[in-house]
Structures are given as structure tokens and as C-alpha cells.
Amino acid sequence: MIVKEEFLNKLRQFFGLNLYEVRIWTALLSRGVSTAGELSDIGNVPRSRAYDILESLEKKGFVVMKLGKPIKYIAVEPKEVVERVKKLVMEDAHDSVKKLEELKTTDVLRELDLLHKQGIEFIEPTDLSGAIRGRHNIYAHMESLIKNAEKSVTIVTTGKGLIRKSEALKSTLDKLKKKNVRIRIAANITKASLDAAKEMGKVAEVKSTNKVNARFCIIDNKDLIFMVMNDENVHPSYDVGIWVNTPLFTSALDGMFELAWKDMIPLDKVKV
């Protein structure tokens, strides 16, 4: 049996198996029923490991041990394997989430917070900065800063960015609105992004502009996240954001935004 390495790597990613496991499993699939010795030869796996690997695959629901001598193994139908793996992943995810929720009430989190606060005391203001790669990570960091806002949040984005932020940040911004945090959003509102603008208009002051070609977020005139690339020309995985904690610069930037904000078109007067 010859199985391409690329195919085996895909199976490892999808099913969470190691190299020996995918070799034994694909060998068994090609035979239907087989012994550990035969499978080790077909899959090019050391015989000393074959039984351990098959026991592992059995626990994961990939194979069934056939009673009798010599011991043989039967391959479970791939569609059924997919369903079993899905169930296990969901169960593991549920358990992990439950453990993390329980962590909030333990001394472990309190000690971690204490370590962080002590560490922050020794950080120079210029050290509170960083580059964040990948749009998912950028939004995650942006949300973590936004949810702690006390006074104001200012977001400047593109039409497509407005749609994404409506999906990713609306619930967080809604909570801030209830705390009377001022939220302003400026974007080039197009026909495609009008619905997103209206949704965001429920939690923020939204205006349209085609004069400000930038992507950034200011939180409490203290933290700033700005994207360095045009979102039309970059893949989400390679998008880069820069985060800086610099009250002096963010206050100045917010002042310049305030001047531009006055000339922007209110949402209820946007025509697309």
C-alpha cells in the first residue's frame, strides 16, 4: 500500500492522530480486516508499537478488535469515524470551557492576576506596545481593550471592516453603551455595508467618510491599535496591527479625529 505523505498529513490535522496512527489506520482501511503484524508491515510501523497504536485507535473509535486467534482488527466506516471524532472534540471542548470557567473562582487566577499587576509596575511605558499578526488575533486584542473602556471608544475603518466589526464587536459595544461610554465609528459606508452601519448605529454614533483612509481604534485616549496594511490587499492571516499604550499620542490623534468628525456625514443622511 502506497499512501502519499501529503494525504497522511491531512489526516493527522483533521483527526488529531500521530504519524504511526494514520499509517496503521490507512493500512487497515485498505484491508478491512487484518492482524497487528500485517498492519505494521503494510504501514511501515515497528511491530513493537503496532499493538499500542491499535489499542489507541480502538479507544478513539477508529477500529474494532475482532475476537478470536490470532487477534484481528476491523476498520470502522470513515463516515462513522468522523461522527465519533466530532463528538469527542465537542465533549473535550465542553470540558475545557468548564475548567476555564471554574478557574475564575480559584486562587490560581488570583495569583496570576497578582503576578501580572506586580509585573506591570516594573514596565516602562514604552514597553506597552506590540505587533499583532492575523486579523483574528487583532480583533481579539481589540475586544479585550474595548471591553475595559471607561470613557470613550473611537473606531475608524473601511466599509468591509465595518461589516466585520459589526459581527465581532457589536455585543461588546452594546455593553459599553449601557455604561454610558461614548462610542464613535467612522467608515466609508457603501451599499454593501449599510446594513452593518445601521446595526452599529444601535450602539454607537456612526458617520460616513471617504476622506479618511485608515484603520485604527482609540480606547480612552490611552490605547491605540492601528492596522498597517490596506485590507483590500492583504489576506486576513497576514494582516498586521500595532498596539501602543501612549496617552500623549492618542490624545493628539483623537483631537485630529474630532475635527474630521464634524465634517463627516451622519448615518441618517447617508445616501448609497
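On the given criteria, is Gly16 at positive phi, free of Cβ contacts under 8 Å to residues at least 12 places away in the same chain and surrounded by fewer than 17 Cβ atoms within 10 Å (Cβ to Cβ)?
Spelling it out, it is not the case that Gly16 is at positive phi, free of Cβ contacts under 8 Å to residues at least 12 places away in the same chain and surrounded by fewer than 17 Cβ atoms within 10 Å (Cβ to Cβ).
Can you list residue pairs whose Cβ atoms sit under 6 Å apart, with the first residue in segment 194-215 being assigned by TED's automatic domain parsing to the domain that holds Lys170 and the second being assigned to a loop (DSSP other than H, G, I, E, B) and not acidic (Asp, Glu)? Count only pairs 6 or more apart in sequence or on different chains.
Every condition considered, the pairs that remain are Leu194/Val272; Ala197/Ile189; Lys207/Met264; Ser208/Ile189; Ser208/Val270; Thr209/Met264; Asn210/Asn188.
When the residues of segment 131-161 are narrowed to those that are of a type in the set (D, E, K, R) and within 16 Å of the chain's Cα centre (by Cα), which ends up surrounded by the most Cβ atoms within 10 Å (Cβ to Cβ)?
Here the residue is Arg135.
Go through segment 19-48 and give me each residue that's in a strand (DSSP E or B) and crowded, with 16+ Cβ neighbours inside 10 Å.
Correct list: Ser34, Thr35.
I'd like the residue in segment 162-186 that is surrounded by 15 or more Cβ atoms within 10 Å (Cβ to Cβ) and of a type in the set (S, T, N, Q) and, out of all such residues, is farthest from Lys198 (Cα to Cα).
Among them, the one singled out is Thr172.
Hey, could you check segment 64-73 for residues that are within 15 Å of Ser40 (Cα to Cα) and assigned to a strand (DSSP E or B) and say which is nearest to the chain's Cα centre (by Cα)?
Among those that are within 15 Å of Ser40 (Cα to Cα) and assigned to a strand (DSSP E or B), it is Tyr73.
What pairs come out if I take residues in segment 128-141 that are assigned by TED's automatic domain parsing to the domain that holds Leu173 and pair them with residues that are of a type in the set (Asp, Glu) whose C-beta lies under 7 Å away, six or more apart or interchain?
Close Cβ pairs (under 7 Å, with a partner that is of a type in the set (Asp, Glu)) amount to Gly134/Asp239; Arg135/Asp239; Ile138/Asp239.
Before we move on, is Gly68 modelled with pLDDT under 90 and at positive phi?
yes
When only residues in segment 232-272 that are surrounded by fewer than 16 Cβ atoms within 10 Å (Cβ to Cβ) and among the small types (Gly, Ala, Ser) count, which is nearest to Ile146 (Cα to Cα)?
Applying the filter and picking the extreme gives Ser251.
Condition (residue is at pLDDT below 90, over 38 Å from the mean Cα position of the chain (by Cα) and among the basic types (Lys, Arg)) applied to segment 12-30: is it met by at least one residue?
no
The values are calculated or read from the model by the stated rules, or taken from the named source; none is laboratory data. These numbers come from a predicted model, not from an experiment. Cβ sites come from the backbone with ideal geometry, for glycine too, and all protein chains shown count toward neighbours.
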